[in-house]
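The structure appears below as structure tokens.
The values are calculated or read from the model by the stated rules, or taken from the named source; none is laboratory data. Here the structure is a predicted model, which is why all the values come from computation and not from measurement. A quick note on method: Cβ atoms are made from the backbone with ideal geometry, for glycine too, and the neighbour counts reach across all protein chains shown. We work out accessible area using only protein heavy atoms, side chains counted, and drop any ligands, DNA or RNA first. Shrake-Rupley method; radii C 1.70, N 1.55, O 1.52, S 1.80 Å.
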Amino acid sequence: MDLIRAVIFDFDGLILDTETPWYMAYRHVFNQYGVDLTLEYWGRTIGTSFNLDEVVRDLEAQSGRTVDRDHLNRETKQIYSRLMQEQSIRPGVLRYLSQAKELGLSIGLASSSRLVWIEPYLNKFDLYKYFDTIVTAERVTRVKPDPELYLTALQDLGIDGQKALAFEDSLHGLRAAKAANLHCVIVPNEVTSQMNFEQYDLRLSSMEELELAEVVKRISSQESGYLPE
């Protein structure tokens, strides 16, 4: 019998690339203040809670100018909304969800976002039906990189971490999954592909790269360590 009995997916950046449009929107506004928003800086916000006040303070410190918080928030949201109209779920996601059902695996979602943010997309792309549990920020006291989201999902599914496989796109997500003792496959998006990932079990450029059954087979056959890229 395969070791893996459950798969748990991140949402932002993994199922739907909401992260690249946010980066592009904030980078546009930062440029208006003469500041280049680097991926290194933005990477600190990915996969965890977002603190607008901290971003405003950093922008003011770098630009030497007072930042209108409401204007920044309004303009980035307008740009983001325009960019998101072109976004669909990432390649291979639906196939993996369907294959997980066919393999008899339990399926969870563990996201640092709030359900009110995720739910419209789950409805839009008809994804609710795939998940046996959905754990979002409302259900925990600490989000990623803390493992609480994953530990809660495991509890819901009645499964030990070593029998579960997480799919993540960010460093915060990877660290959370590993801290909860899950195996972890990273599938970076355009923004997170530059991150220095370590101690993952497998890295994919896309969920179209391998069938889910092959991923499960590879993870199940590992005794320790991680596969090279």
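Consider Trp22 carefully, then state whether it is farther than 30 Å from Lys163 by Cβ, within 16 Å of the chain's Cα centre (by Cα) and buried (at least 21 other Cβ atoms within 10 Å of the Cβ).
On the way: farther than 30 Å from Lys163 by Cβ: yes; within 16 Å of the chain's Cα centre (by Cα): yes; buried (at least 21 other Cβ atoms within 10 Å of the Cβ): yes.
Yes: the conditions hold for Trp22.
Quick test for you: out of Ala164, Ala137, Ala176, pick the one residue that is touching a His at 6+ places or on another chain (Cβ under 9 Å) and open to solvent by less than 30 Å² (accessible area, probe 1.4 Å).
Values: Ala137 fails: touching a His at 6+ places or on another chain (Cβ under 9 Å); Ala176 fails: touching a His at 6+ places or on another chain (Cβ under 9 Å).
Every option except Ala164 fails the conditions.
Name the pairs: first residue in region 9-27 and under 17 Å from Thr133 (Cα atoms) and outside any loop (DSSP other than H, G, I, E, B), second residue at pLDDT below 95 and open to solvent by less than 20 Å² (accessible area, probe 1.4 Å), Cβ to Cβ under 7 Å, at least 6 apart or on different chains?
If the second residue must be at pLDDT below 95 and open to solvent by less than 20 Å² (accessible area, probe 1.4 Å), the pairs left are Asp12/Thr18; Asp12/Glu19.
Kindly establish whether Ile118 is in contact (Cβ under 8 Å) with a residue 60 or more places away in the chain, open to solvent by less than 20 Å² (accessible area, probe 1.4 Å) and either closer than 15 Å to Thr18 by Cβ or charged (D, E, K, R) (or both). Walk me through how you get there before you give the answer.
Details: in contact (Cβ under 8 Å) with a residue 60 or more places away in the chain: yes; open to solvent by less than 20 Å² (accessible area, probe 1.4 Å): yes; either closer than 15 Å to Thr18 by Cβ or charged (D, E, K, R) (or both): yes.
Yes.
Test each condition in (1) touching a residue at least 40 places away in the same chain (Cβ under 8 Å); (2) open to solvent by 30 Å² or more (accessible area, probe 1.4 Å); (3) part of a loop (DSSP other than H, G, I, E, B); (4) not small (Gly, Ala, Ser) for Arg95 and report the one that comes out false.
If we test Arg95 against (1) touching a residue at least 40 places away in the same chain (Cβ under 8 Å); (2) open to solvent by 30 Å² or more (accessible area, probe 1.4 Å); (3) part of a loop (DSSP other than H, G, I, E, B); (4) not small (Gly, Ala, Ser), just (3) comes out false.
Take the residues of region 28-69 that are assigned to a loop (DSSP other than H, G, I, E, B) and within 20 Å of the chain's Cα centre (by Cα): which is modelled with the highest pLDDT?
Going through region 28-69, the residues assigned to a loop (DSSP other than H, G, I, E, B) turn out to be 33-38, 46-51, 64-68.
Filter once more, so that each one left must be within 20 Å of the chain's Cα centre (by Cα): 38, 46-51.
Values: Thr38: 82, Ile46: 69, Gly47: 62, Thr48: 68, Ser49: 67, Phe50: 70, Asn51: 76.
Taking the candidates together, the pick is Thr38.
Tell me the residue from Thr66, Thr45 that is without any contact (Cβ under 8 Å) to a residue 40 or more places away in the chain and loosely packed, with under 14 Cβ neighbours inside 10 Å, please. Let's see the steps before the verdict.
Values: Thr45 fails: loosely packed, with under 14 Cβ neighbours inside 10 Å.
None of the other options fit; the residue is Thr66.
With the structure loaded, tell me whether Tyr128 is without any contact (Cβ under 8 Å) to a residue 24 or more places away in the chain and aromatic (Phe, Trp, Tyr) or whether it fails that test.
Numbers: without any contact (Cβ under 8 Å) to a residue 24 or more places away in the chain: yes; aromatic (Phe, Trp, Tyr): yes.
When the stated conditions are applied, Tyr128 passes them.
Testing Leu103 on (1) in contact with a helix residue (DSSP H, G or I) (Cβ under 9 Å, 6 or more places away or on another chain); (2) under 13 Å from Asp10 (Cα atoms), one condition comes back false. Which one is that?
Evaluating Leu103 over (1) in contact with a helix residue (DSSP H, G or I) (Cβ under 9 Å, 6 or more places away or on another chain); (2) under 13 Å from Asp10 (Cα atoms) leaves (2) as the failure.
Looking at Ala177, Ala213, Ala164 in this structure, which one is under 14 Å from the mean Cα position of the chain (by Cα) and modelled with pLDDT of 95 or more? Spell out the reasoning first.
Working: Ala213 fails: under 14 Å from the mean Cα position of the chain (by Cα); Ala164 fails: under 14 Å from the mean Cα position of the chain (by Cα).
Selected residue: Ala177, the only one of Ala177, Ala213, Ala164 that is under 14 Å from the mean Cα position of the chain (by Cα) and modelled with pLDDT of 95 or more.
Could you tell me which residue of region 48-63 is farthest from Gly173 (Cα to Cα), considering only residues that are open to solvent by less than 60 Å² (accessible area, probe 1.4 Å) and of a type in the set (Ser, Thr, Tyr)?
Filtering region 48-63 for residues that are open to solvent by less than 60 Å² (accessible area, probe 1.4 Å) and of a type in the set (Ser, Thr, Tyr), the one farthest from Gly173 (Cα to Cα) comes out as Ser63.
Take residues that are of a type in the set (Gly, Ala, Ser) and touching a Lys or Arg at 6+ places or on another chain (Cβ under 6 Å) and tell me which of the strands (runs of 3 or more DSSP E) falling wholly in region 112-209 contain 2 or more.
Details: elements: 133-135, 164-168, 183-186.
It comes to none.
Answer with yes or no whether Ser113 is at pLDDT 95 or above and of a type in the set (Gly, Ala, Ser). Show your work before the answer.
Working: at pLDDT 95 or above: no; of a type in the set (Gly, Ala, Ser): yes.
No, not satisfied.
What residue, of Arg218, Arg142, Arg203, is open to solvent by 10 Å² or more (accessible area, probe 1.4 Å), in contact with a Pro (Cβ under 8 Å, 6 or more places away or on another chain) and free of Cβ contacts under 8 Å to residues at least 60 places away in the same chain?
Details: Arg218 fails: in contact with a Pro (Cβ under 8 Å, 6 or more places away or on another chain); Arg142 fails: in contact with a Pro (Cβ under 8 Å, 6 or more places away or on another chain).
Among Arg218, Arg142, Arg203, only Arg203 is open to solvent by 10 Å² or more (accessible area, probe 1.4 Å), in contact with a Pro (Cβ under 8 Å, 6 or more places away or on another chain) and free of Cβ contacts under 8 Å to residues at least 60 places away in the same chain.
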